[in-house]
Amino acid sequence: MKKNIMTLLVCMILCSCIIRPNVTERSDSVAIKQGLYMGNQQDLHVYLLIGQSNMAGRAPLLAEQYNVLENTLLLDAKGQWQLATNPLNRYSSIRKNLVMQKLGVGYSFANTLLQDLSKRQPQVKIGLVVNAKGGSSISEWQPDKHFYQQALQRVRQAQQTGTLKGILWHQGETDFEDTDYLNKLVSLVNNLRADLNLPELPFVAGQINQTELINQQIAQLPKQLKFTDFVSAKNLTAMDRWHFDNDSMLLLGEGYAKKMMKIQ
């Protein structure tokens with residue numbers, strides 16, 4: 001009995017003496033130390049994801065979708081990089097309650113990009129800056145508004161260690177009756193490019209569920225501005241009037257990635 005107790009005590013002492021390294025768990029070759037990306041700036045491709053609820057994510061997550069995204073980082077609330085896990089809108093500075101944040105387009109977007117990059121540029125990692133707000137109107141994303149300024153602030157933090165490669169926009173449900181939506185969207189793109197000093201920054205917008213007035217205008221964006229494109233919502237299915245289900249959200253994210261790569 002005494003021998004067993006002594007053995008147990010020794011094991012407990014040894015376990016308590018183990019010092020965990022100050023490096024976050026690895027996802028393949030991605031490593032971050034104290035929230036800092038430990039790689040070359042040009043090898044961290046940063047994308048800004050903004051808009052309303054479908055960008056924030058409302059589709060219920062499957063168990064495997066909570067796993068760490070390979071070779072993908074997520075900018076946290078302190079402007080530092082963390083290994084990316086769903087929900088990706090968790091660190092948004094303007095989001096609604098955390099329990100509302102679920103599967104958005106960023107998950108399959110990053111996975112699809114990396115499938116292509118792994119063949120051509122295997123050293124490249126993806127950095128996501130997700131700052132969406134459910135229920136927001138495009139009028140709240142103008143330069144003098146809080147949502148716009150927060151997006152700029154966070155993406156500039158990301159640019160300190162990565163290279164901004166594009167912007168993903170999904171919004172329009174709140175403005176479903178706006179006949180002037182296209183002009184407002186064009187202004188948004190121009191404003192972001194000017195403020196970021198990147199006149200050819202790729203910008204991809206996504207169509208919304210079964211709303212021809214808005215979707216027709218979004219489809220006109222590439223004709224108005226170079227280095228832009230849109231993702232069709234045709235054949236996608238929704239859980240309610242506005243929010244795409246899990247399968248459709250995955251397809252939407254893949255569509256964003258394909259259009260982004262096409263522009264680039």
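The values are calculated or read from the model by the stated rules, or taken from the named source; none is laboratory data. Not measured: the values here are computed from a predicted model. Every residue, glycine among them, receives a Cβ derived from its backbone with ideal geometry; neighbour counts consider all protein chains shown. Heavy atoms of the whole protein, side chains included, go into the accessibility calculation; ligands, DNA and RNA do not. Shrake-Rupley method; radii C 1.70, N 1.55, O 1.52, S 1.80 Å.
In degrees between 0 and 90, to the nearest 10, how far off the longest principal axis of the chain does helix 146-159 point, with axes built from Cα atoms?
Helix 146-159 and the main axis of the chain meet at about 50 degrees.
Hey, can you grab everything whose amide H is under 5 Å from the amide H of residue 125? Only 5+ residues off in sequence or another chain; H modelled, so Pro and N-termini drop out.
Excluding prolines and chain starts, which carry no amide H, the hits are 44, 45.
May I ask you to give the percent of accessible area on the chain that is carbon plus sulfur, with a probe radius of 1.4 Å? Please report the intermediate quantities before stating the final value.
Numbers: 6770 of 12980 Å².
Summing carbon and sulfur atoms, their accessible area is 52 percent of the total for the chain.
Could you point to the label whose value was computed as Cα extents along the principal axes in Å for the structure here, given [x] 82, 53, 28; [y] 78, 48, 37; [z] 82, 39, 37?
[z]
Treating the angle as unsigned and between 0 and 90°, give the value, to the nearest 10°, between the Cα long axis of helix 2-16 and the longest Cα principal axis of the chain.
Result, in degrees: 40.
³J(HN,Hα) across region 241-257 via Karplus (A = 6.51, B = -1.76, C = 1.60, θ = phi - 60°), whole Hz, x for Gly/Pro?
So the Karplus estimates, Gly and Pro as x, are 5, 10, 9, 5, 7, 4, 4, 6, 5, 5, 5, 5, x, 4, x, 4, 5 Hz.
Residue by residue through region 178-190, what is 3J(HN,Hα) from phi via Karplus (6.51 cos²θ - 1.76 cosθ + 1.60, θ = phi - 60°)? Round to whole Hz and write x for glycine and proline.
In residue order, the calculated couplings are 7, 6, 10, 4, 4, 4, 5, 5, 4, 4, 4, 4, 4 Hz.
Once the dipole of the chain is set up with Lys and Arg at +1 and Asp and Glu at -1 on Cβ about the Cα centre, which of 47, 57, 85 lies farthest towards its positive end?
85
Starting from 0.36 nm per residue, how many nanometres of slack lie between residue 191 and residue 63 once their C-alpha separation is accounted for?
Result for the pair: 42.2 nm of gain on full extension.
Under unit Cβ charges (Lys, Arg +1; Asp, Glu -1), what dipole magnitude, rounded to 20 debye, does the chain have relative to its Cα centre?
Rounded to the nearest 20 debye, it is 960 debye.
If packing is taken as the mean number of other Cβ atoms within 10 Å per residue, what is the order of 175-184, 150-159, highest first?
Values: 175-184: 15.3, 150-159: 18.9.
Put in order of decreasing packing, that is 150-159, 175-184.
Just from its helices, what would the mean residue ellipticity at 222 nm be for the chain, if runs of 4 or more DSSP H residues each count -39500 (n - 2.57) and the sum is divided by every residue, rounded to the nearest 500 deg cm²/dmol?
Rounded to the nearest 500, the figure is -10500 deg cm²/dmol.
Sort 39-48, 122-131, 217-226 by the packing proxy (mean of other Cβ within 10 Å over each peptide's residues), most packed first.
Final packing ranking: 122-131, 39-48, 217-226.
Using the Cα centre as the reference, give the magnitude of the dipole from point charges on the C-beta atoms of region 66-190 (Lys, Arg: +1; Asp, Glu: -1; all else neutral), rounded to the nearest 20 debye.
The dipole of region 66-190 has a size of about 580 debye.
Would you mind checking which residues have amide H under 5 Å from residue 231's amide H? H placed 1.01 Å from N; only 5 or more apart, or other chain.
205, 206, 207
A 19 angstrom limit on the alpha carbon distance is what I want to check against. Which of 226/262; 226/258; 145/258; 223/259; 102/133; 145/184 exceed it?
Violating the 19 Å Cα-Cα cut-off are 145/258.
Report, for region 25-155, the % of DSSP beta bridges that are antiparallel, rounded to 5.
Percent antiparallel among DSSP bridges in region 25-155 is about 45.
For the chain, what is the percent of antiparallel DSSP beta bridges, rounded to the nearest 5?
Approximately 25 percent, going by the DSSP bridge assignments.
Could you go through region 105-122 in sequence order and give the Karplus-derived ³J(HN,Hα) for each residue, using 6.51 cos²θ - 1.76 cosθ + 1.60 with θ = phi - 60°, rounded to whole Hz, and x for Gly and Pro?
6, x, 4, 6, 4, 5, 4, 5, 4, 5, 4, 7, 5, 4, 8, 9, 9, x
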